[in-house]
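Coordinate-derived values only; no laboratory data. Remember, it's a predicted structure, so these values are computed and weren't measured experimentally. Counting neighbours? That spans all protein chains shown, and the Cβs are built from the backbone with ideal geometry, glycine included.
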Amino acid sequence: MSDSKLSFVSEALDSYCIRQSNPHSKTLAELESFTRANVPASMMLTGPLEGALLAFLCRLVGAKRVLEFGTYTGYSALTLAEALPADGEVVTLDIDPENTSVAKKYWAQSAHGGKIRLLLGAASETVSQLKGPFDLVFIDADKPGYIGYLDAALEMLSPKGLVVADNCLFQGEVLQSKPSSGNGAAIARFNQRVLSDSSLDRVLLPVRDGVYLIRRR
């Protein structure tokens, strides 16, 4: 799967949007290059455009604590850490020791890496070790787990906090009456869960593979 399948605009327009947005740091650029060249499934990388959006949202809500479901090689965690104040914290949950070893290598090269705390293990279990509040929660992990992650996030969300869920258009499969993959079906169920909850304020954006912004009313 190429990165082009994770965007609903042309490569030229995507590049233009990246140039018009805040640039990513030198360490993030190096992490992106390494991941794309050396790590399987590099389309999972958050990348500079969505990263700029995450950092913008983090600053917009005045976040001090961030929770992330799904670390991969650590690009989004570092992006969020860079947007936090000096005493901020990103807690990121992942099950893969190999990919997160790449993350730790690049976090160590950044002045902001000390803000990041990685918990290895099934997120459905490690999240139970945590206490809120969190000001921003980023969900970008296994798709069947999204509903459970949202429920956990809402329990720990600060009063003005924001949940950001990635891949919520899932390559357009959400338009199918029966999504062609299990992950697509899981995202369709997640989207319906969000839509049917009148207590939630929400907007689904066609950024890359779909970014859902969710908060309590």
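Miscellaneous remarks
- Ignoring lysines fewer than eight residues from Lys178 along the same chain, the ones with Cα atoms less than 28 angstrom from its Cα are Lys5, Lys143.
- Label positions at Arg117 and Gln176, each projected 7 Å from the Cα along the C-beta direction, are separated by 4.1 nm.
- Amide H contacts of Asp209: Asn167, each under 5 Å away and 5 or more positions distant or on a separate chain (H built 1.01 Å from N in the peptide plane; Pro and chain starts excluded).
- Relative contact order of the range 3-216, defined on C-alpha pairs under 8 angstrom at six or more residues apart (%): 19
- Dipole magnitude (debye, nearest 20) for the chain, charges at Cβ of Lys, Arg, Asp, Glu: 460
- Sequence-separation-based contact order of the range 109-217, relative, with Cα cut under 8 Å and 6+ spacing, percent: 25
- A simple charge model with +1 on the Cβ of Lys and Arg, -1 on the Cβ of Asp and Glu and nothing else charged puts the dipole of the range 1-125 at about 320 debye relative to its Cα centre.
- Net charge of neighbours whose Cβ lies under 12 Å from the Cβ of Gly161, counting Lys and Arg as +1 and Asp and Glu as -1: +2
- Charge context of Asp135, other residues only, Cβ under 12 angstrom, K/R +1, D/E -1: +4
- Mean residue ellipticity, 222 nm, helices only, the chain: the sum of -39500 (n - 2.57) across DSSP H runs of n ≥ 4, divided by residue count and rounded to 500, is -12000 deg cm²/dmol.
- Spatially proximal lysines relative to Lys115 (Cα-Cα < 20 Å; intrachain offsets below 8 disregarded): Lys26, Lys64, Lys104, Lys105, Lys131
- Sequence of His112, His24 once ranked by neighbouring C-beta atoms within 10 Å, starting from the fewest: His112, His24
- Calculated translational diffusion coefficient of the chain (37 °C, 0.692 mPa s; Stokes-Einstein with Kirkwood radius over alpha-carbon pairs) equals 190 µm²/s.
- Structural descriptor for the range 1-78: relative contact order 36 percent, calculated from alpha carbon pairs under 8 angstrom and at least 6 residues apart.
- Linear extension gain, Leu60 paired with Ala12, 0.36 nm per residue minus alpha-carbon span: 14.5 nm
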